[in-house]
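What follows is one structure encoded as structure tokens, with my remarks underneath.
The values are calculated or read from the model by the stated rules, or taken from the named source; none is laboratory data. Everything quoted here is computed from the prediction, not taken from an experiment. Every residue, glycine as well, gets a Cβ built from its backbone with ideal geometry; the counts of neighbours run over all protein chains shown. Side chains are part of the model used for accessible areas, which takes the heavy atoms of the whole protein and leaves out ligands, DNA and RNA. Shrake-Rupley method; radii C 1.70, N 1.55, O 1.52, S 1.80 Å.
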Amino acid sequence: MDELDYNTCNATFRSLTDQQRLMAEETSRQIGAGADLELTSYGCGFGMFELELIARVPRRTVWFQGVDTNGEAVARLRAELAGLPKVRGHRVFTASMADVADSRITATEYGLFVQSLCYLGADDGMAALKEARNRHRRLFVAVTPLNRLNGPFADSLARQGVVRPLFAQTLAEELTRFGVEFRSVTVGAEIVVPVSEPSHRLLEFLTFARHQPWCGGTSRAELLDAVSELGTFAAGEIRIPHPVEVFTIG
């Protein structure tokens, strides 16, 4: 799908889940209260998570640094950050997440990989984490477990040649193998899809969930059946488990 379709489907998907809010609450709790926060996010995109974290974290001011391959996302996030009184300064620029050694990246207290590290295979991902540990006192890495919902995403990564993407179990195995101490917390989020959702939003949800254009039936009944297969139906809603594991390193 093209970038416009991807962003539209992503927005619909995220509007139906509490995962981002719960992740921000957990990360904010672990960072804790204080005066200033210096934070770097790798694969920041449009800043959907990062902006929520900045709003929630109990720090008076934030200096933010973000890295992403999407130039449009970088430009939009810069504009958003410029309008936030809590943000005392920011640097957001275009670079590959695998280029953690980029000399433009300034060392900060905290580093974030939020739903981004799974795009790298185990070897590249662990190399990125190793470099990031040299730049930041503490890392937060949020990744989902490999389950029924994101199975199609894993298949898509495999078709792109990504070997052993860093979903939660693989990341834990790799950290243990390299002797890296970590803590992890499971955030028990879920997706709630009201059966009253219009067809176009059901289609957008399925497209993003599968990470490829929907090839099944497009009647409202067929779309609802496809969504129902991912979860359980009760009281006019389809509830789909959407957990995420938040790893703390350092």
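Before moving on, here are some points about what is shown:
- In a residue-by-residue description of the range 120-136, the property of being open to solvent by less than 20 Å² (accessible area, probe 1.4 Å) and touching a Gly at 6+ places or on another chain (Cβ under 6 Å) applies to at least one position.
- Considering the conditions (1) of a type in the set (D, E, K, R); (2) at pLDDT below 95; (3) open to solvent by 60 Å² or more (accessible area, probe 1.4 Å), Arg239 is excluded by exactly one of them, (2).
- Neighbours by Cβ (under 7 Å, 6+ apart or cross-chain): first from the range 69-81, farther than 21 Å from Asp99 by Cβ; second among the small types (Gly, Ala, Ser) and surrounded by 17 or more Cβ atoms within 10 Å (Cβ to Cβ): Glu80/Gly47
- Of the residues making up the range 61-77, those that are over 10 Å from Gly45 (Cα atoms) and buried (at least 16 other Cβ atoms within 10 Å of the Cβ) are Val62, Trp63, Phe64, Gln65.
- Residue count for the range 176-196, restricted to those that are surrounded by 12 or more Cβ atoms within 10 Å (Cβ to Cβ) and closer than 11 Å to Thr248 by Cα: 4
- For the range 1-50, the tally of residues that are farther than 19 Å from Ile249 by Cα, among the small types (Gly, Ala, Ser) and surrounded by 18 or more Cβ atoms within 10 Å (Cβ to Cβ) stands at 2.
- Residue ID - farthest from Pro194 (Cα to Cα), chosen from residues in the range 5-26 that are modelled with pLDDT under 90 and hydroxyl-bearing (Ser, Thr, Tyr): Tyr6
- Screening the range 126-214 for strands (runs of 3 or more DSSP E) wholly inside it with 2 or more residues that are in contact with an Asp or Glu (Cβ under 9 Å, 6 or more places away or on another chain) and polar (S, T, N, Q) returns the ranges 182-187.
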